Each structure stands twice: as C-alpha cells, then as structure tokens.
1. Under a point-charge model restricted to the Cβ atoms of Lys and Arg (+1) and Asp and Glu (-1), what is the dipole moment magnitude of the stretch B:66-213 relative to its Cα centre, in debye to the nearest 20?
2. How many Cβ atoms of partner chains, on average, are near each residue of B:257-263 if near means within 10 Å of its Cβ?
3. So what's the Cα pair-distance distribution over the stretch B:66-213, bin width 10 Å, in %?
4. Tell me the GluC sites (Glu not before Pro) within the stretch A:472-560 that lie in a loop according to DSSP and have at most 12 other beta-carbon atoms within 10 Å.
5. Under a point spin-label approximation (7 Å from Cα along Cα-to-Cβ), what is the residue B:431-residue B:337 distance to one decimal in nm?
6. Take every DSSP beta bridge whose two residues both sit in chain B, then give the antiparallel share in percent to the nearest 5.
7. Specify which residue in the list A:158, B:481, B:87 is farthest towards the positive end of the charge dipole of the protein assembly as shown, using unit charges on the beta carbon of Lys, Arg (+1) and Asp, Glu (-1), about the Cα centre.
8. Residue of B with Cβ nearest the axis relating B to A, plus distance in whole Å?
2 protein chains.
Amino acid sequence: MNRRKALTLGGSLLAALAAGMARSAIAADDTAKDADQATRHEVATYAPPVDAFLALAEANKPRLNETVQAPLGLIQPVQDAAQPLSWRIETVGSADAIPGKVLKKGDSLIIDFGGHRTGNLSFHLEGVGRGVDAPARLRFVFGEVISDVAEPLHPYTGSLSEAWLPEEIVTIDYLPQSVRLPRRYAFRFVKVEVIDTSPNFGVSFRQIQAHALTSASGDLKPLPSGTPADLVRIDEVAAATLRDCMQTTFEDGPRRDQRLWTGDLRLQALTSYATFKNADLVKRCLYLIAAFPRSDGMVAGCVFEYPKPAHGHEFLADYAVFFGVTLADYLEATGDMETVRTLWPTAIRQLEVLKQYVGTDNVFAAPKDLWVFIDWHPTLDRTAAMQAIYIYGLKRLFDLGQKLGAASDVSDYAARIKAMEAAALQRFYDRKSGVFVSGPDKQVSLASHAWMSVAEVGTRTQRKQAFAKALATKDVVRPKTPYLNHYVVEGLLLCGLKSEALATLRAYWGGMIAAGADTFWEAYAPEQPRTAPYGDFHINSFCHAWSCTPSYLLRKYSFT
Amino acid sequence: MNRRKALTLGGSLLAALAAGMARSAIAADDTAKDADQATRHEVATYAPPVDAFLALAEANKPRLNETVQAPLGLIQPVQDAAQPLSWRIETVGSADAIPGKVLKKGDSLIIDFGGHRTGNLSFHLEGVGRGVDAPARLRFVFGEVISDVAEPLHPYTGSLSEAWLPEEIVTIDYLPQSVRLPRRYAFRFVKVEVIDTSPNFGVSFRQIQAHALTSASGDLKPLPSGTPADLVRIDEVAAATLRDCMQTTFEDGPRRDQRLWTGDLRLQALTSYATFKNADLVKRCLYLIAAFPRSDGMVAGCVFEYPKPAHGHEFLADYAVFFGVTLADYLEATGDMETVRTLWPTAIRQLEVLKQYVGTDNVFAAPKDLWVFIDWHPTLDRTAAMQAIYIYGLKRLFDLGQKLGAASDVSDYAARIKAMEAAALQRFYDRKSGVFVSGPDKQVSLASHAWMSVAEVGTRTQRKQAFAKALATKDVVRPKTPYLNHYVVEGLLLCGLKSEALATLRAYWGGMIAAGADTFWEAYAPEQPRTAPYGDFHINSFCHAWSCTPSYLLRKYSFT
C-alpha cells in the first residue's frame, strides 16, 4: 500500500499555484546553466511554480514495501557455448547448506535468490576457529544475470562510470556481527569472495537474506484465461521488471542510473495502470519533471531524485513531447482532472518550444545539437519517426484540450496536424516502394513505421501495407531496445498486423527469457544477445523499465 | 575528561563479590575451549566473579574525546635512498588548495594531516561538471608513515590478515554528500584515488577533516627544564603514541589488532601515570583481563573488547606474571586499596599456576607449548629472562601482600625468591666471562641482562659489570622491539649505567624519529629500519603502545 501524505498546501491547488510561488534560486541557477543546450530561437520564458510542484511530488512519495526473502541455494556457473550468455547455472547446494560453509581467504560462493529483486542484503556473520582476531574483508558482486557473477568485472571497458559496477568491498571489524549492507542493489545472484579473515578463523553466513524493495502494490490483474504459457511467463517477467523499477520514482533501471526519464515514464505509467495501478507515483513523477524545465519551458529528458530533486543535463525532443502524451494517458487512467489542469501549461509548452523546429515545409527538422532519441540504434535516421511523434503529440493534446475545456489553447492544432500529416506523406512515404523512408539515403526502418502507425499518419491500409513491406525488407533497420520494440508491437497491432505483433513479442521478449532473463533488459538483439551499448556487457542494466510493456500490451490488446 | 559511570552494584564491592555472582555460560564455554592450550598439571580450578568484574570494567569505560582537525596540505612522496624508509615527503599544496582540485577517473592526491591520530575521516564531496549522473567510487589508503601511501599495498605478502591493510573502497551514490567514513583508522596521511566518477563530472573535497579520538585527558606534565631538544621530541612522540592507543581500552596499536595485551598494559599504565594520569582506564583493563582466565585461573595474553569482551586464545607465561606487577604499580600510582584487594586473588593465582614449571632445581622451565614472549627476536633464548621475570613477580607481590595485610598469602615467597635467585646465579651467570648466559649455547643477550637488572638478581655491581660487558659483546642478541628495549633502558638505569641508557634511548627511539616517526613503532631495528616481523612492511603497526615508555622513563629517572 502507498502512504499518501496529506497535501500541506492551504486552499485549492490552483489557488496556491496562482499565488505564484517563487522558484528556488538554486533551481533557477541550474536551469540557466543549460540554456546553451540546444540552438534555438528565443521563445518566451516559462517558469512553473517549482516549490508547489515539488511539494505535490513530495506529497505523493510512496512508502517502499519491503519483503524479506531467503535464498534458494548455492549455484555455480558452467561454461556452455549453447547458452545465449555462454553460461549454464548448476545448483551445488540448498539454502540449508550455506551456514555450514566456513570460508577462508580466497574462498567464494554464489548464492541464488531464485529471481530478480531490487533491495538490500543482510546477514549474520560468524567467526569460526580458534580465535577471531582480525576483521573479515569480503567482496560482494551482485548479479542480475549469471554472467555478472561468472565473469570477472575487470578490466572494465565501458564508457559509463565504473562506479556502477555492482561490486562492494566490505570490512567487518568485529564478529559475530549482524550486517545489512547500506547500499541498494539489483540482483538475483550474490557472489561472496573472502579477501581475508585471519589464519585463526573463517566466516560463516547465517540468515543471509534479501530485502526486496518496491513501491508497487496491489494484485496483478490476471491475463485472459487460455493465454499460452510462454506469454504468461513473458507477462510475469515484464511485471517483475516494472515492480523492481518502481521505487520512490519510476526508475529507468535499479542497477544503474536509477533515473526518471520522461519517455521511459510513459511506458512505465501505461503498464502500471494495467498492472499495479499505483497512479499516484505517476502523478509524483509528472510533478518532478514539470518542476525543472529550462528557461523556455522545455522539460529535461530526466530528473534525479537524490540527494535532492534536480534535472539532468539532457534535453530530448521526443521525450519532451511525451510529457503531454503521458498526461493524456494519466487522465484516461485516473480521471484526475485537477492534476491534469495543473500540468496542462507544461504539456502544451513542449509543443510550443519544439514548434520552432517545424519548417515552412511542415517537416520537423531537429538541429544537430538537439537530441532525438527514438532508439539506441547508431545509424537509425530519426527524421520520419520524429515527424510522427510530433504529430502524435499534437493529436493527443488536441483531444486533451477538448476534455479540459481548454480548446482555445489548442485552436490551431487541427490545422497543424493536417499540414504535418500531409508533409509526412509527401516527404516520407515512398509511393514506388510502398514504405516509409527517412533521410537522404531513404532508410527503411521499423522505427518510422511504428511511429507512423501509432500516430495514424495516412490511411490504415496504407500503414498496414507499408509496415508489412518494411518487415519483409532485407536489411530493414531494426530496434536495438525494448523501448522501440514496444512501439513496433503496438504499431503492428494498431494497423491490424496481429500475428506479426505476436511474433515480434515472442521473438524479442521470449528471446530474453530463453537467454535467462528474470526481468527484461535494457538492450537486447536476438542476433546478438550480448549487445553492449556502452562498451562493456557488465555495465548493461538487466532490469530496465522500458522493457516492461508486455504486461500492458497483453492486457490492452487482443493478439489473435 | 572521562565520564565515570556510577557503579550499579549495590552495597560494597567486596560484599557483591562475596555473593558469588555466576560467570556467564558463554564465558565459561569460551574458557573451556582453551583448556588444551598448554601442557600442565591440573591445579585447582579458579573462577572469578565474571559478571561483577565486567560490570566494574563497564563502569570505568571512558568517554572518547574527539578533536576535529584540518589537514596541513598536499604532499607527494619522492624516492630517496638516503631516507630510512626510502621516501622523502614533498609539499605540493596548502590545505586551501584541496577544494579547488577536481578529480576524475584515475586522479589521486595525498593529504597530510601533519601528525598521527586515531580516528575518523569526514568530508563534503561535491560533484563538479555538466551532470552529476553516477556515483563516485573512491579508494582511500590511510598512512601512518609515508611508505603506506607511497607504495602499492598489493600484492600482500604478510602472514597476518590482509583485512588489516588500511584501505577502503567507498561508493558514494549521491552528490553533493557529507560523508563520515564509519570505520576508525590510524593515520597521518590519506591517499584518495578516484576509481571513477563519470565522463560528465569530477569530485572535489570540501572540508576534509580528521576526527581524532582518544580517552587520554589531562595536561602532560612538562619535562625538567633544560631537557635537550632531541629528548623533548622523543617525549612528544612517545606521548602521542600513548594518546592514540588510549581508547576505551589500552590498545596495543590502533591500526591493527587493537587488543588489550597484559604485558603491553603494564608499560602503558606506567606511562599513563606519568603523563595523562587516566588511572581509571588501567582499572577497567585489569578487570577485563581478570574476567577471562582459563579454568586454572591463568589470565589470557590478551582480551578483545568488541563485539563483547572476550579473551584471546594466547596464554603467555611472562604476561601472566605482569598482571600482578601491574596491580602493584597501580597501587603505588593510585592508593586504590579496594580495587587491588579485589584483584589480589587473580594476581597471586598467576604465580601459583606458573609454579608448576619451576623445577626442583628452582629454575623456571617452560614447556614447548607455553609461550614466553620477552621479544619478537626469532632466536632469542628466553630461559634466563623468564627466570628473572618470575623472580620479579614474586618480589613485587611479596611487597604488595605486606601492604594489603595479606602476608599469609605470600608467606613462602621470601624463601622461593631466595632459592630462585641462587639458582639464577648458578645456572645463568657465567663467572668466567662475567655475563649472564641463557640456553645450551650460552647465548648472551640484552634480554637476560635487562631482566636480571630489573629483578635485581645478584649484587648491583655484578649486574652493572655484566650488563656493560654484554653491551660490548660482539653479536650480543639485541631487541627487535621497543617493548624489550624499554626494559633494557630501565635495566641499565637501575644498575647505574646511565650514559648507556641514554645512548640506547637516543639510538633506538631517536632512530625512529630520524626515520620519520610521528608515533613510535611496533618493530624497529636501527640496522634494518624496514624490519617486518609479519612478512610485509605494510602490515606493521607504526603507533604501538609498547613503545611509549620514553615519556615514563624521562620523568621517572635521571639520565645524567
């Protein structure tokens, strides 16, 4: 259950906001620093009521639920070229065997908790021997997947901070001692290596326990009866992924970054409505994002929660559009008009700021220094997909404006949608080949088709035929992330390509399960299970919220 | 100031003890485990009132005084073969320069606090850069001497636990963050290495501070005016050594072991009376030691304080004798008859237990499995020294018995002293060469002479001539520790060899200062400054209480 703090603002929310609470000086400074993030025409400045938004975010901060879990047993990894990650897991002892192991210098063991969780590790460490006359120095490695504990983490070759590597060296001065490691980890496996005890004693682990943390609550709504077993398993793993990313914000991944990203939030929120139904966490996250725009009002790609809320330094065009899309989804899921009205100015501000990049030809043309994400694929041409995303944003906010009685705010949207749709078909639809293309090399990608389908550009038949042709195109550019694969599956479903959608779901998410996933990964490619977007497979996140959407898709749509 | 807890025992101390408080089951079990420590005749069992003794120890537990200290500046070590430790210290920046340093992956700095302390390290860590988007992972190395931070600690080749190496890897998840490292260290230097931040930021240390901890209080009594400067410096370093070892017990060394040893306590207590005058800490330590004898009443060589008081597994003949010697010293320093009466049975018990090793020839002959320490010298023959120590114990307790009105407990001591002195002269004094010898090879050592002198065996002239001859003997076995060197200096003083005593003090303790000591070391040999009794110089303790006695010697004796 979530604890809902009483809102401490006096009077009505809107009245408080109208009182024009000043932004904190620090937040203003932070924002100023990012003023040079992207080349852009100076549009009017926009300053939200930061303190009020942060107070609302704080009021909706959930309590974390802790579940204490015993280990399943002891395992060892065995090299096996037939496995996607190159390792087979062999059980070498039950949980009952753990307290009997006396470990001395150089000894190690790998404990299997049987599934992924985000949380703490605790244990009672005993010294066993003639004299417990020194500290015990231990190294812990926390594994989300078997390769984490089967392979040395060093030398590290990644481009992201080595500080994210899930390892810890701990010195315990006095034994016996009950220890709860203070940092939080994401893990199924815990490898313990004894750096040293002393010649006079060894150590034994008693009561080693995981303390799983999540703000997810509520029972998972069951899938329709008769759902095939492989889809049931995909749903379980997807829901576990969301659960372990639901902390006091929707984190992108609990192992690394642990940040609230605007685009990721949209998928987490959708899946949350369909599963754990903790809509207050969505509300909190929307306020956190809305509290930290730069001076023109564009929201940051991500927000840090600790040590105090602050925005990241990245600003993404597509993610900015998703703020309003997420708000529209939120109203559909909750009916909470008051929150949506409060955040409405932020939502329409995003389309206003981005409008400067829509040329007289009605095509969205991002300058080089404006990040358009879409997917991690390194050579993906993002122009067509971004055009569709902008159109999608206009459509969703046009509808939302009507629901809010704020039609006057979006009075020009219908015309802009029409013009940008026409431009999209003219510029990106190749009549000869019957597919959408993007960029000077007329690149054919699933990204373009997914987004044209979701944004409903052109006729449904046109989209369906184009998508089917794209799927059959040799060397079509395929997603590198579950994030874009979500929109591929949804795009296929929306244009009626149900069996293709199901095949994609099975091949992609089912492929991760075959590779040993207990939660779905940040990055995966069926032809390259050990894809490493940051230059070292061990820095990948193996519980990444943007991959949780099968639990949404399997409840929202019929695949047959 | 020390906080003296009110004693919670009702009525008088002796009445409480007479009520026969039961030993705790755990302590009894622990003691039973060590019953096979040494071959010995079964003498009557002896069980002290453990709970009462522990309550008295707890009632005299001092509060630690914390002194917050700023660093002196930044240094770097420069290799220099002319230095005893092979390194020269170069200043490379003032303390003011520290906050301006922005450290990224692979960067390091060495902070000099200008002197040794035992305590904690705290700092405020800032992230500096475009985005603080990852934890900071840092490695700290705490140096008592320059070689600790100038040389890699690995690979480690020592025989003691590698867990004592003064290093720590710390991951700080959120910046800015104020951090106080939870473990206590012994250090003058702190080396910080950045394992990683992220490509987007570096870290800066603001307000890095040492929190020096000691239970020593009171002002140091000044040395006589006119004391030469080198002796004043020796006294400063000796007093700092005691101060940094005075925690909630007299620790042998704050870097490693951190244990209360019976023999070390005697020297710490003597120096404490002459300097900081915290006699309650001596009382606490005597009760801790007395609480945990083995079943025959022999006290352990050492006691652990945490996680709860317990004895170590070593039992040493000479250290057992020192329990009573320390008690006799304590009465002289404090006049506290009540405590001494309470602990008197433990004191005389040690000589009783050890009596079984005194043969019909009145020579103390330790069996192979009974540890007689004397010094760390590997080939020292300890027989003569142990004979003298036993005699010294008999003499001090005989006197103490008279003072306590317990003469009947020691009524046979005068005869035993006489017999053992005669045996000592007969067995160990070589009339031909005029020196004391020990063992089958007639080894000539300073150990034998020091102890014969302290125990006053033979005439003063005989001892003086023997000691002078021994000093001049080629290949005389010299001490490896400041511990035995203390008795050498005191022995020289007691038989009237003042200039030799002064020369030894200057050569040995002055030699450590010339080698860079801010506190005196566990082990040192002028001809081999990097002596490593445990196989790796980096595991040596460079603040070791048994080397603190110059502050006692310079106040107790006239060297001129």
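The values are calculated or read from the model by the stated rules, or taken from the named source; none is laboratory data. Keep in mind it's a predicted model, so treat the numbers as computed, not measured. Note: ideal-geometry Cβ built from the backbone for every residue, glycine included; neighbour counts use all protein chains shown. With ligands, DNA and RNA removed, areas are computed over all heavy atoms of the protein, side chains included. Shrake-Rupley method; radii C 1.70, N 1.55, O 1.52, S 1.80 Å.
1. About 260 debye.
2. Mean partner-chain Cβ count within 10 Å for B:257-263: 1.
3. P(r) over the stretch B:66-213, rounded to whole percents: 11, 41, 36, 11, 1.
4. Within the stretch A:472-560, the qualifying GluC sites (Glu not before Pro) (loop, at most 12 other Cβ atoms within 10 Å) are A:527.
5. Result for the modelled spin labels: 4.8 nm.
6. Looking only at bridges with both residues in chain B, the antiparallel portion is about 95 percent.
7. B:481
8. Minimum Cβ distance to the axis, with residue: B:169, 2.
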